[in-house]
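K.L.:
Got a structure here, written out as structure tokens. Questions coming.
The values are calculated or read from the model by the stated rules, or taken from the named source; none is laboratory data. Treat the numbers as computed from the prediction; the structure is a model and nothing was measured. Neighbour counts run over all protein chains shown; Cβ positions are idealised from the backbone, glycine included. Calculation scope for accessible area: heavy atoms of the full protein, side chains included, ligands and nucleic acids excluded. Shrake-Rupley method; radii C 1.70, N 1.55, O 1.52, S 1.80 Å.
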Amino acid sequence: MDRRSFLLLTAASVVAPPPELFAVSAAQSNKSSTPWYASMRRCGQINYNEHDPLTIDANAWGDYWASLKVDAVLLNGGGIVAFYPTQIAYHHRSQFLGTRDLFGEMVAAMKQRGIRAVARMDCNLAYADALKAHPEWFERNRDGSPRPHTESPWLFSTCMFSTYFTEQMTAIYREINQHYPVDGFFTNGWPSTGTLRVCYCENCRRLFDQLGGVPPEETDVSNQLYRKYYQAYMDRVLAIWRLWGEVAQEKTPQSVYVGNLGGGLDTVKDLKDISQVAAWFNADHQGRSGDTPIWACAQQGRVANSVMQGRTITNVAGAYANAQPNWRHVSKSPAELTMWLAQTTASGMVPWFHWLGGSPEDTRWREVGHSFFNWIADNQAHFRNRSSVADLAVLYPQRTVAFYSRPESHRPRYRGGPIDYLQGLYFALLEGRFVFDFVHESNLDESALKKYRALLIPNAAYLSDRQCEVIRGYVNSGGSLLATFETSRYDEWGNPRPDFQLADMFGAHAAGEVIGPRGNSYARIEARHPVIDDFKGTALLPGAENRVPIRADSPLVLSIVPAYPAFPPEMVYPRAPRTTEPAAVFRETGKSRIAYFAGDVDRTCWRSGDDDLSHLLQNAINWIRGADPVVFISGAGLIEVFAWETEPGYALHILNYTNPNATRGYIRGAYPIGPQQVRFRTDGRAIRSARTLRPGTPLKFHQQDRTVSFEIPAIGDYEVVALT
Ligand SMILES: [Zn+2]
């Protein structure tokens, strides 16, 4: 199918150059002049509501944001509700607007204080009068009925494939651009990184005719129609993003359109594709709920960095209590909010501080933002990162995350949640205090990998031939590799291969279908090896819940003890206590070391929290990487580490997750950890000073050749050590 002609057919005003052309032109325009948002370090958002024009004080908000030294503030312009006297039909003016031009007042309040103003828009919903006049703008259910909002059922969902996006929204942007000195546009809730939503409006039915049928409503990459729909959907997202970017820039090339992304580790829409049109990546990852670990914000930073590679990333910190259930009008705990902001800056993102409602009755959040933002403003230079100095790369397996474990209804029993493999490896990396980056699978190439000593692959089941070839080339040129479970067993669309595409690298061949899920299986220690030598007093280690049965030629180090009954106790004895089936393969070839685990040890580690499995993964990572890591930190506590080369030197960020609420929120306060001994390898430059930035005190240090050694006496919630 010719997707471009489809797009032109359904949306005559969208003229979409191919993504590669756009990428080139964006790069060229960046070269000629650096856009304002590239140097932005602090950002705020007041998300006012339809009722707020009656009470909101624009100047008081201007004063608050100025006191945070923000570079830009997001202000509600229009879309669902217009906060200015719009002349565009079906652009619903706030019923409480009266004679006020609230948007204009707010923009002016920011401009008077030297703050950039970005119009925050919403393209996702409109009122019944628009539905009546323009039925073609709206999403439809299979029976043709429109889709009312669940909590505000007088609003109806608009369809991205309709002219609401290409004509109505663009008319609104142009009106705002004409009347107000805005610096850009942002759309709430669109496009997001989550699953695709199938609509049955007339535009979408025309698309289905082009595709050859109606796609499934669930993510199902085994379905050919889903594959075509996914591609068409992504093409439309990129075309709209480009169009809105062009409209934003009609007034000045410095203006920008930014969409709403996020999702943390869990993404379905392809971030690499989106990054080719996104000049600025906004992660709407505002907080956590349920059992989400506190480090979810840092994970968001790593995912976004893997595609933006130094370009602007903001992360929204919701100052309100956005757990489940959700409270829009009370603050979340100051300690939790501070840790979220800390992860944002540690991982290289720009914090975007967000409150909802123009006349707050809870003001506890205000000081949290004020003190954190002023602290980063006072130390601004140390947050200008040039590049990460990490020596380990973790593959971000986009298509495995998006497709492998979905949909629920078709999921083979052994497949866990889409991100459990990555979560388990991540947990081991935190416990082992490793310094690492994410590399997006679409960015896999020789140059992206050459700075790393090892590549870690948490069950990237879906990999293309080309990606496997890059990994092979990396190992053949001396890089080390860790991989788990079904890595490379399918192509990028999930078509099974007869063996691992990387079987030659693993030194292992698939010898059957996946076995599991079964608890009470084990790995037996068969021989001495650096990966297992420090397990004392046991012949058995916990087995993975699922495994690929494999054949391997190398000597047996860990063998499988197949699952046996765990209940009742009388039946609990191994029926096959000793086998020759390998649970893992550890091999050396040239300068490379390779560790392949046949089981889903990463996912099993995450699901169980088992310490032996984390320890096994840490040992394997240490062995493949080799001695003398770029950053080594010894001491007590669960921490996450980021190390950056900055404009003035280096910055070592340490986040202290040692907290009873680390995996179930909210954090109530910091549990300080004691002395941390650090060895930090530089590029050889002489370091003249080492200083902690939170208390702002100098540290004694010692430099020998490239290595700087120092002790951090204690860490509260977050510390940054600046080496200059
Ligand atoms: Zn539609």
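K.L.:
If we keep just the residues of the range 115-167 that are away from the ligand (no atom under 13 Å from the Cβ) and of a type in the set (Lys, Arg), which is nearest to residue 89 (Cα to Cα)?
P.N.:
Once the filter is applied, the top-ranked residue is 132.
K.L.:
What number of residues in the range 557-606 are under 22 Å from residue 526 (Cα atoms), of a type in the set (Phe, Trp, Tyr) and open to solvent by 30 Å² or more (accessible area, probe 1.4 Å)?
P.N.:
1
K.L.:
Here is a further query. For the range 36-56, which positions are closer than 22 Å to residue 373 by Cα and outside any helix (DSSP H, G or I)?
P.N.:
Across the range 36-56, the qualifying residues are 40, 41, 42, 43, 44, 45, 46, 47, 48.
K.L.:
Among 500, 436, which is touching a His at 6+ places or on another chain (Cβ under 9 Å) and among the aromatic types (Phe, Trp, Tyr)?
P.N.:
Only one candidate qualifies: 500.
K.L.:
Can you tell me which residue within the range 202-224, out of those that are of a type in the set (A, V, I, L, M, F, W, C) and open to solvent by less than 40 Å² (accessible area, probe 1.4 Å), is nearest to the ligand (Cβ to nearest atom)?
P.N.:
204
K.L.:
Residues in the range 170-181: is at least one of a type in the set (Phe, Trp, Tyr), open to solvent by 10 Å² or more (accessible area, probe 1.4 Å) and touching a strand residue (DSSP E or B) at 6+ places or on another chain (Cβ under 7 Å)?
P.N.:
no
K.L.:
Among the residues of the range 233-243, is there at least one that is touching an Asp or Glu at 6+ places or on another chain (Cβ under 9 Å) and either without any contact (Cβ under 8 Å) to a residue 12 or more places away in the chain or not assigned by TED's automatic domain parsing to the domain that holds residue 46 (or both)?
P.N.:
Looking for residues that are touching an Asp or Glu at 6+ places or on another chain (Cβ under 9 Å) and either without any contact (Cβ under 8 Å) to a residue 12 or more places away in the chain or not assigned by TED's automatic domain parsing to the domain that holds residue 46 (or both), one finds none in the range 233-243, hence no.
K.L.:
Restricted to the range 246-297, and to residues that are in contact (Cβ under 8 Å) with a residue 40 or more places away in the chain and among the hydroxyl-bearing types (Ser, Thr, Tyr), which residue is surrounded by the most Cβ atoms within 10 Å (Cβ to Cβ)?
P.N.:
For the range 246-297, the residue satisfying everything is 257.
K.L.:
Moving on to the next point. Among the candidates 664, 607, 625, single out the residue that is within 26 Å of the chain's Cα centre (by Cα), within 21 Å of residue 342 (Cβ to Cβ) and not small (Gly, Ala, Ser).
P.N.:
Going through 664, 607, 625 in turn, the sole match is 664.
K.L.:
Under 9 Å by Cβ, and 6 or more places apart or on different chains, what pairs join a residue from the range 206-226 that is basic (Lys, Arg) with one that is open to solvent by less than 20 Å² (accessible area, probe 1.4 Å) and not in a loop (DSSP other than H, G, I, E, B)?
P.N.:
Within 9 Å, the pairs are 206/6; 206/10.
K.L.:
Oh, and also: Which one of these does residue 469 not meet: (1) open to solvent by 40 Å² or more (accessible area, probe 1.4 Å); (2) in contact (Cβ under 8 Å) with a residue 12 or more places away in the chain?
P.N.:
Here residue 469 meets the rest and fails (2).
K.L.:
Continuing with this model, one more query. Taking the criterion of being within 16 Å of the ligand (Cβ to nearest atom), in contact with a Leu (Cβ under 8 Å, 6 or more places away or on another chain) and on the phi < 0 side of the Ramachandran plot, would at least one residue in the range 169-189 satisfy it?
P.N.:
So far as the range 169-189 goes, no, none of its residues is within 16 Å of the ligand (Cβ to nearest atom), in contact with a Leu (Cβ under 8 Å, 6 or more places away or on another chain) and on the phi < 0 side of the Ramachandran plot.
K.L.:
Related question: Given the condition touching a helix residue (DSSP H, G or I) at 6+ places or on another chain (Cβ under 7 Å) and in a strand (DSSP E or B), answer yes or no: does some residue in the range 209-221 qualify?
P.N.:
no
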